[in-house]
Amino acid sequence: MKRFNFITIGIVLLMLTSAITQAQKPTSDEASEKIKSLQMQYLSQKLNLSAEEAEKFWPVYKNYTKEVETLIADRHNKRQQDKQLSDPDDVARRNMDNDLGYEKRMYDIKSRYTNEFQRVLPARKAGAVFKSEREFRNIMINHLNNQRLNRINQRGNFRKRP
């Protein structure tokens, strides 16, 4: 019941945040900070972190997210550079190599931080970090898709995306 109440509160917060963001049109930095704040709340609830666990967990998690964000930015930059190449076959070959390297680096990061999370959290909670993170991402994606569909419907454009 407690979990249901928190999820309900989280959904209401997401809806309120979306209403506020539509009215104010925040910068991408402001929106990013709001999402990170919601994610912290969601993970705290899903992992049921005590004050002591949270104090140890959040610095490790912030380092983890910083590494992942850096990796994603590197991948994006490489793709932008590859778009400037003229040979489509060369671009495709480089993308395959880059994607494999990206997946390996992401695996390495997650493996390293799995051990780090186990040092600061009980095994049950450490094992739920990546799952909870995926759940939050799916909730946000669904929320953003619903917002997009609502905007389309409000304009009277009922054409669906393929």
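All of the numbers you see were taken from the coordinates with simple rules; none came from a lab. All of these numbers come straight from a predicted model, not from anything done at the bench. Glycine also receives a Cβ, built like all others from the backbone with ideal geometry; neighbour counts cover every protein chain displayed.
List of remarks:
- Cross-link pairs beyond the 20 Å C-alpha cut-off, checked among K66/K131; K34/K104; K36/K104; K36/K83; K34/K56: K34/K104; K36/K104; K36/K83; K34/K56
- Euclidean distance between Cα centres, segment 107-122 to segment 34-93, Å: 15
- Neighbour net charge for L144 - beta-carbon separation under 12 angstrom, K R +1, D E -1: +3
- Charge dipole (debye, nearest 20) of segment 50-120; +1 at Cβ of Lys and Arg, -1 at Cβ of Asp and Glu: 80
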